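Visitor: Submitted below is the structure of interest, expressed as structure tokens.
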Amino acid sequence: MMSKKYVINASGYRFNGCKLNKKSLTAAIRHYGFIECQDILSFLNYVCGIYPDRCSLIWLKEKTSECLDKHDDGSEYFTMLRTLVNEFEYALSIKKTI
């Protein structure tokens with residue numbers, strides 16, 4: 001059975017309050033073969049800290065959105081990328097109030 005933090009719940013969030021981190025984001029993006037996803041993996045490996053800061057979250061959200069804008073056909077295959085955009089937006093909204 002999958003760990004609770006990886007379940008996509010009714011709200012569309014994958015991580016259920018767990019911090020977004022380099023390892024979990026890499027695992028989520030790794031199986032997509034799009035150029036934008038490869039850019040994200042390079043960013044995570046070479047630029048991003050263990051936990052993305054606000055600037056990194058903005059970049060990750062924009063790059064993931066760019067990938068969806070170019071490739072998303074509405075199929076279930078893209079659910080994880082759509083969920084990640086929601087997660088980035090949520091994390092950014094929390095960081096604004098801190």
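The values are calculated or read from the model by the stated rules, or taken from the named source; none is laboratory data. No experiment lies behind these values; they were computed from the predicted model shown. Here the Cβ is made from the backbone with ideal geometry for all residues, glycine too, and neighbour counts use every protein chain on show. Heavy atoms of the whole protein, side chains included, go into the accessibility calculation; ligands, DNA and RNA do not. Shrake-Rupley method; radii C 1.70, N 1.55, O 1.52, S 1.80 Å.
Visitor: Within the stretch 32-45, which residues are assigned to a loop (DSSP other than H, G, I, E, B) and either within 13 Å of the chain's Cα centre (by Cα) or surrounded by 18 or more Cβ atoms within 10 Å (Cβ to Cβ) (or both)? Spell out how you get there, then give the answer.
Guide: Taking the stretch 32-45 as the starting set, the residues that turn out to be assigned to a loop (DSSP other than H, G, I, E, B) are 32-34.
Answer for the stretch 32-45, where residues must be assigned to a loop (DSSP other than H, G, I, E, B) and either within 13 Å of the chain's Cα centre (by Cα) or surrounded by 18 or more Cβ atoms within 10 Å (Cβ to Cβ) (or both): just Tyr32.
Visitor: Here is a further query. How many residues, within the stretch 46-98, are open to solvent by less than 80 Å² (accessible area, probe 1.4 Å) and touching a residue at least 40 places away in the same chain (Cβ under 8 Å)? Give the derivation first.
Guide: Here is the first cut: in the stretch 46-98, the ones open to solvent by less than 80 Å² (accessible area, probe 1.4 Å) are 48-49, 52, 56-58, 60-61, 63-68, 71-72, 74-75, 78-88, 91-94.
Now restrict to residues that are touching a residue at least 40 places away in the same chain (Cβ under 8 Å): 79-84, 86-88, 91.
The number of residues fulfilling the criteria is 10.
Visitor: Are there any pairs with C-beta distances below 7 angstrom linking a residue in the stretch 17-43 that is without any contact (Cβ under 8 Å) to a residue 40 or more places away in the chain and closer than 13 Å to Leu84 by Cβ to a residue that is in a loop (DSSP other than H, G, I, E, B) and open to solvent by less than 80 Å² (accessible area, probe 1.4 Å), with the two at least 6 apart or on different chains, and if so which?
Guide: Within 7 Å, the pairs are Ser24/Phe15.
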